[in-house]
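Bear in mind these aren't lab numbers, they're just calculated from the coordinates by the rules spelled out. Please read these numbers as outputs of a predicted model, since none were measured by experiment. Here the Cβ positions follow ideal geometry from the backbone for every residue, glycine too, while neighbour counts run over all protein chains shown.
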Amino acid sequence: MNYPNVFIFDHPLIKHKVSILREKSTGMKEFRELIEEITTIMTYEAMREVELVPVEVETPLEKTVQYRVPEESVAIVPILRAGLGMVNGVHKVFPTARVGHIGMYRDETTLAPQEYYCKLPEGIEKKTVFVVDPMLATGGSACDAIAALKKRGVCNIKMMSIIAAPEGIRRLATAHPDVKIYVSTLDRCLNEHGYILPGLGDAGDRLFGTK
């Protein structure tokens, strides 16, 4: 996984939380909370290069120049539906970020992603956009979602996933070398059905209790 645009975290707290996330006995409420907590930790690093602007503030003692992220400069685009579980994790760090949505589903026979919904904030082409999806498996949905954003003029895109397979990272990093990819945990491989091993099952089903 020696790609210049790929960043794999090696953080003890993330490893601890991912180990609980994987457990099949972990319930929906705890699973959702863990997804949010891990996303928050990842966001601190992913926002390291977000543009800052100088502002003048007045402390109780004097005026001083400080630096802030412009209010309208960041957007979050979850890939539906599992990506919704990561939105609050980013909002804890940057609560004024606008949120768009891209709906993708995977054809169970071909494993190819299909877009069925896209609603984005006005002026998204001028923002730093965080595309979020807990699982980066084949990479097809992420590649297509990012391509859809680029068609709409978005240039500054970052991808965040909690669990990734080597196959997904390889595909995404090659297809979009200009996109920085942040992954908390790199797993072993995909199985014949396109699921990550050891993985954690279907993130969407576990987030929303649909199985």
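Sequentially through segment 187-201, phi angles give Karplus couplings (6.51, -1.76, 1.60; θ = phi - 60°) of 8, 6, 5, 9, 8, 5, 9, x, 8, 6, 10, x, x, 8, x Hz, Gly and Pro residues having no value and appearing as x. The residue among Thr110, Gly209, Phe7 whose Cα reaches farthest toward the positive pole of the charge dipole of the chain, with charges on the beta-carbon of Lys, Arg, Asp and Glu, is Thr110. Residues whose amide H falls under 5 Å from that of Val6, counting only those 5 or more places apart or on a different chain, are Ile181, with hydrogens built in the peptide plane. Helix 166-175 against the longest principal axis of the chain: what's the angle in degrees, Cα atoms only, rounded to the nearest 10? The angle comes out near 50 degrees. Charging the Cβ of each Asp and Glu at -1 and of each Lys and Arg at +1, and nothing else, the dipole of segment 90-134 about its Cα centre rounds to 320 debye. Working note: Karplus 6.51/-1.76/1.60 with θ = phi - 60° gives segment 75-88 the couplings 9, 10, 10, x, 7, 5, 9, 4, x, 4, x, 9, 4, 5 Hz, where Gly and Pro are set to x. In segment 106-183, a dipole from Cβ-located charges (positive for Lys and Arg, negative for Asp and Glu) runs towards its positive end, and of Gly123, Tyr182, Met160 it is Gly123 whose Cα lies farthest in that direction. Summing charges over neighbours of Glu125, with a neighbour being any other residue whose Cβ is under 11 Å away from its Cβ, gives +4 when K and R count +1 and D and E count -1. Averaging the Cα positions of each part gives two centres, and for segment 133-149 and segment 192-211 these lie 16 Å apart.
Looking at segment 160-206, which trypsin sites (Lys or Arg not before Pro) are in a loop (DSSP not H, G, I, E or B) and have at most 11 other Cβ atoms within 10 Å?
Details: sites: Arg170, Arg171, Lys180, Arg188, Arg206; in loops: Arg188.
The qualifying sites are Arg188.
Distances between every pair of Cα atoms in the chain, grouped in 5 Å steps from 0 to the bin holding the largest one, split as 1, 7, 16, 20, 20, 16, 10, 5, 3, 2, 1, 0, 0, 0 percent. When the charge dipole of segment 11-170 is built from unit charges on Cβ atoms (+1 for Lys and Arg, -1 for Asp and Glu) and taken about the Cα centre, the candidate among Ser25, Ala148, Pro70 whose Cα reaches farthest toward its positive end is Ser25. Assuming charge only on the beta carbon of Lys and Arg (+1) and of Asp and Glu (-1), the dipole of the chain about its Cα centre is about 240 debye to the nearest 20.
Using 0.36 nm per residue of separation minus the Cα-Cα distance, give me the extension gain between Asn191 and Arg152 in nm, one decimal.
Numbers: separation 39, 0.36 × 39 = 14.04 nm, distance 3.38 nm.
Using 0.36 nm per residue and subtracting the Cα-Cα distance, I get 10.7 nm.
At a Cα cut-off below 19 Å, give the lysines reachable from Lys24, other chains included and same-chain residues fewer than 8 away excluded. Qualifying lysines at Cα under 19 Å: Lys15, Lys211.
Put in line by how crowded their Cβ is, counting other Cβ atoms within 10 Å and starting with the fewest, Ile169, Ile124, Ile20 read Ile20, Ile124, Ile169.
Highest GNM mean-square fluctuation among Glu33, Glu125, Glu58, for the chain modelled with Cα contacts below 10 Å: Glu58. Charge tally for Gly153 (other residues, Cβ to Cβ under 13 Å; Lys, Arg +1; Asp, Glu -1): +3. Restricting the trypsin sites (Lys or Arg not before Pro) of segment 37-108 to loop positions (DSSP other than H, G, I, E, B) with no more than 16 neighbouring Cβ atoms within 10 Å leaves Arg48, Lys92.
Rounded to whole numbers, the Karplus 3J(HN,Hα) couplings from phi for segment 31-48 are 4, 4, 5, 5, 4, 5, 5, 5, 4, 4, 4, 5, 5, 4, 6, 5, 8, 4 Hz, using 6.51 cos²θ - 1.76 cosθ + 1.60 with θ = phi - 60°, and x at Gly and Pro.
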